[in-house]
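**Q** Here you go, one structure.
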Amino acid sequence: TPIQNDLAEFYCMV
Amino acid sequence: MLECKLQEPKVFRSVVEAMSEHIKECNFEFTREGLKMQALDSSHIAFTFVTLSATWWNEYRCDDEALLLGVNLETLLKILKCGPDNSLLALSYENDDDEVSELKVKFEVDRGEKKDVAEFALKLTHIDPMEEEVPELTWTNELEMPTQELFRIARDISLFSEIMVLEFDKDKLRISCSSKESTADYLVHPFEDSTNASNSVRMNIEAPFKVSLTTHYVLSFAKNKNINERVVIKMIDAETPLMFSFSMKEGSGICYYIAGRLTD
């Protein structure tokens, strides 16, 4: 099963 | 002092209903430019962003530079469901330190010289403002299709699997899922309907890619057919969140950013 990406992490990274 | 009025309470109710699918409470940010609402759901899968510009409302007045009102969406939705479709919706707020902070919601129905009125007050809560900012991204891929069609596919897929796989290619979109018991496979092709443009499917995919999404979220986005019968999906790649947008008049609309699922 693919792992759900974390949107909060994405936005903190950018 | 804040006061805004709308002759179509149904549309505002649809907006709040769409938000409440993923979010319990959020800050309503009123400025002179209009109302903005943004929130990340508790699972950090979807970010909802709503803009209702000042000109979108029939009347709009906000004297403050920025007014941040913490709203429980479930309660607001209950109130909005009490408003008749033929009523005039008015939201108002007065800054008054002496009293409990509340958002007033009023529905007025014209009865000749008189008006029937229903009034509600929603107690506001403090919510820490969000720290996340939506970055400006250069979308390289775009697809536009009827919202109803996306809803139908997502609803069907939701019967079989929690996860749906979207494969964007230059000339087609494949949506599929698989479970222990079965598989489902949908192919969507670009097409122009000359008699009814709203049925058309348009895609501009520069770099084909494949992404897995949580079915339940896509299904809830596709419930926005009252907001716009067309959905625009903007993408870059499987690692970058996809954007699903439903635009309204005057630069307003609902926009979702959804994170994909990654295979290790």
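The values are calculated or read from the model by the stated rules, or taken from the named source; none is laboratory data. Computed from a predicted structure; not experimentally measured. All Cβ positions, glycine included, derive from the backbone under ideal geometry; neighbour counts span all protein chains shown.
**Q** In segment B:133-171, which residue that is part of a helix (DSSP H, G or I) and of a type in the set (D, E, K, R) is farthest from B:Ala222 (Cα to Cα)?
**A** So the residue we want is B:Asp156.
**Q** Among the numbered conditions (1) facing chain A (nearest Cβ under 9 Å); (2) crowded, with 20+ Cβ neighbours inside 10 Å, tell me where B:Leu262 comes up short.
**A** Status for B:Leu262: all satisfied but (2).
**Q** Counting only residues that are away from every other protein chain (no Cβ under 13 Å) and over 21 Å from B:Asn196 (Cβ atoms), which one in segment B:225-238 is nearest to the chain's Cα centre (by Cα)?
**A** Residue satisfying both the conditions and the ranking: B:Lys234.
**Q** Before we move on, is B:Leu89 of a type in the set (A, V, I, L, M, F, W, C), within 30 Å of A:Leu7 (Cβ to Cβ) and more than 14 Å from chain A (Cβ to nearest Cβ)?
**A** Against the criterion (of a type in the set (A, V, I, L, M, F, W, C), within 30 Å of A:Leu7 (Cβ to Cβ) and more than 14 Å from chain A (Cβ to nearest Cβ)), B:Leu89 does not qualify.
**Q** Related question: Just for strands (runs of 3 or more DSSP E) wholly inside segment B:15-87: which have at least 2 residues that are out of contact with any helix residue (DSSP H, G or I) (no Cβ under 8 Å at 6 or more places or on another chain), aromatic (Phe, Trp, Tyr) and over 19 Å from B:Ile258 (Cα atoms)?
**A** B:25-31
**Q** Looking for whichever is touching a residue at least 12 places away in the same chain (Cβ under 8 Å), closer than 30 Å to B:His44 by Cβ and within 22 Å of the chain's Cα centre (by Cα) here; the options are B:Glu142, B:Glu133. Which one fits?
**A** That would be B:Glu142, the only listed residue that is touching a residue at least 12 places away in the same chain (Cβ under 8 Å), closer than 30 Å to B:His44 by Cβ and within 22 Å of the chain's Cα centre (by Cα).
**Q** Do we find that B:Ile254 is within 20 Å of B:Leu40 (Cα to Cα), buried (at least 19 other Cβ atoms within 10 Å of the Cβ), within 14 Å of chain A (Cβ to nearest Cβ) and touching a Phe, Trp or Tyr at 6+ places or on another chain (Cβ under 9 Å) in this structure?
**A** In short, no.
**Q** Look through B:Glu102, B:Glu132, B:Glu94, B:Glu142 and report the one residue that is within 14 Å of chain A (Cβ to nearest Cβ), closer than 26 Å to B:Thr51 by Cβ and among the charged types (D, E, K, R).
**A** Testing whether each residue is within 14 Å of chain A (Cβ to nearest Cβ), closer than 26 Å to B:Thr51 by Cβ and among the charged types (D, E, K, R) leaves just B:Glu132.
**Q** Quick check on this structure: which one of B:Leu137, B:Leu76 is at pLDDT below 95 and at negative phi?
**A** Of B:Leu137, B:Leu76, the one residue that is at pLDDT below 95 and at negative phi is B:Leu137.
**Q** Same structure again: Taking B:Tyr256, is it in a strand (DSSP E or B), within 26 Å of A:Glu9 (Cβ to Cβ) and in contact with a strand residue (DSSP E or B) (Cβ under 6 Å, 6 or more places away or on another chain)?
**A** So B:Tyr256 fits the description; yes.
Here's the yes/no breakdown for (1) in contact with a Cys (Cβ under 8 Å, 6 or more places away or on another chain); (2) within 14 Å of chain A (Cβ to nearest Cβ); (3) among the polar types (S, T, N, Q):
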{"residue": "B:Lys180", "(1), (2), (3)": "no, yes, no"}
{"residue": "B:Asp185", "(1), (2), (3)": "no, no, no"}
{"residue": "B:Val201", "(1), (2), (3)": "no, no, no"}
{"residue": "B:Ser212", "(1), (2), (3)": "no, yes, yes"}
{"residue": "B:Ser220", "(1), (2), (3)": "no, no, yes"}
{"residue": "B:Lys223", "(1), (2), (3)": "no, no, no"}
{"residue": "B:Thr240", "(1), (2), (3)": "no, yes, yes"}
{"residue": "B:Met248", "(1), (2), (3)": "no, no, no"}
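**Q** Would you confirm, using the coordinates I've provided, whether B:Ala207 is within 13 Å of another protein chain (Cβ to nearest Cβ), assigned to a loop (DSSP other than H, G, I, E, B) and of a type in the set (Gly, Ala, Ser)?
**A** Taking the combined requirement at face value, the residue does not satisfy it.
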